[in-house]
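Provided herewith is a single structure, encoded as structure tokens, for subsequent inquiry.
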Amino acid sequence: MKKILVVLTFFFAAIGAVQAQDLSKNAIGLRLGSNDDNGIGIEASYQRAVSNDNRVEIDFGWRSDDDGGIDVDLYKLTGLYHWVFNIDGGLNWYVGPGASLAYVDTDIPDIPGVSSDDNDFFFFIAGTVGIEYKFDIPLHVSFDLRPEIGFDDATDDLEMDWGFGVRYLF
């Protein structure tokens, strides 16, 4: 009876090991997101595995616009936690919570008697849901949706930012 229990224990441990994600320890690349009034556009992206099926992602994005002589620079740092689930082979889907901090610098043309600078920080609660494919080479591509809600009068509505990512795995 003990031999059967030992064999069954090893059998179920082997099944669990085969189904583990074995995420790459590190990934670095770009996330190309929506570039509408609220989207950041391009972000440098870094992912770090914290276990076989969980990881953290840190993205830094920037955007510069010149709208009718008003120069707007936007910088945004986003941190996300991913729970990763395998669909088949190199195809995974993921979901998780996160937060963002944004800095906006607005330069208004010189008008006598009017302030020419407006700088603000914004905080967002974010989430992510996405799908990714890991190739046989050290590269994966992803598509995700990132809902965000801000905490002040200018950003207090729900915004949906989508993105396409390409990352080198190492």
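Once you put a point 7 Å from the Cα of W93 and another 7 Å from the Cα of I125, both along the Cβ direction, what distance in nm separates them?
A separation of 2.4 nm, rounded to one decimal place.
Once you have all Cα-Cα distances for the range 22-169, histogram them in 5 Å bins from zero and send the whole-percent values.
For the range 22-169, the binned pair fractions read 2, 9, 18, 22, 16, 12, 8, 6, 4, 2, 1, 1, 0 percent.
For S34 and F143 in one chain, what is 0.36 nm times their gap in residues minus the Cα-Cα distance, to one decimal in nm?
38.1 nm
Now a separate question. Remind me, relative contact order of the range 22-169 in percent, using alpha carbon pairs under 8 angstrom and six or more residues apart?
Once normalised by length, the contact order is 20 percent.
Output wanted: per-residue J couplings in Hz (rounded whole) for the range 141-147, from phi through Karplus 6.51 cos²θ - 1.76 cosθ + 1.60, θ = phi - 60°, x for Gly and Pro.
10, 9, 9, 9, 10, 10, x
No lab work stands behind these numbers, since they all come straight from the coordinates. Remember, predicted model here, so these are calculated numbers, not experimental data. Reconstructed Cβ throughout: ideal geometry from the backbone, glycine too, with neighbour counts over all protein chains shown.
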